[in-house]
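Only the coordinates and a few stated rules stand behind these numbers; no lab work does. None of these values were measured; they are calculated from a predicted model. Cβ: placed from backbone, ideal geometry, glycine included. Neighbour counts: every protein chain shown.
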Amino acid sequence: MTAGPDAGGPASYALLVRKTGGRWQVQLLAEDAGDELPVLERALGEPGAGEWPGPFVVVVDSRLYFVLLRHGPGGMVRAFISDATMQEWLLASEVVERYGIAVDTEGAFDDDETGWPGGDLDVLADYGLPADELRPIVTADDLWADEMVERIAGRLGFADELAAAVTS
């Protein structure tokens, strides 16, 4: 997949990602980023149904940021956003508000004006990508959000499935 503003794939998309029987499955939920948070939550299915760790939803919105949702203990939804300062975007503001993600807009940017990840940085730890390995990916100022998701997919082993779902 080619990324960046002139990429051939969609600028926004929503995916359901699951690992069943040791194999990754990636399903396109929408070619544009979902702005209906309850729909994205429902796509996760019932908490505790199926293999552990359960599925997760990834939404890339306009290549500017991405959101990742999955079930945690007791069925609560764990949420992560690659840039919590994107409050002018509907999905970003809903995720930040619903999941109580703190946003420090005064100190959110470093010298390179890199965005500020928020929420559960250990959201993919059960899959083998703990916070200390996720943080460098989501704070890289030379990556668009879809490129961050590609790196995550490569690290976890579903890069080919991601490419097929997004380009089909």
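Overview of values
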item: Positive-pole candidate from 45, 157, 144, dipole of the chain, charges at beta carbon; result: 45
item: Answer label, with Cα Rg over 2.2 N^0.38 Å calculated from the coordinates and candidates (i) 0.96; (ii) 2.99; (iii) 1.29; result: (i)
item: Of 59, 90, 76, farthest towards positive along the dipole that unit charges on Lys, Arg, Asp, Glu beta carbons give region 33-167; result: 76
item: Note, ³J(HN,Hα) from phi for region 141-152, Karplus 6.51, -1.76, 1.60, rounded to Hz, x at Gly and Pro; result: 7, 9, 10, 6, 4, 5, 5, 4, 5, 4, 5, 4
item: Lys, Arg +1 and Asp, Glu -1 on Cβ, resulting dipole of region 33-167 about Cα centre, debye, nearest 20; result: 580 debye
item: Per-residue HN-Hα couplings for region 50-59 [Karplus 6.51, -1.76, 1.60; θ = phi - 60°; Hz; x = Gly/Pro]; result: x, 6, 10, x, x, x, 9, 10, 10, 10
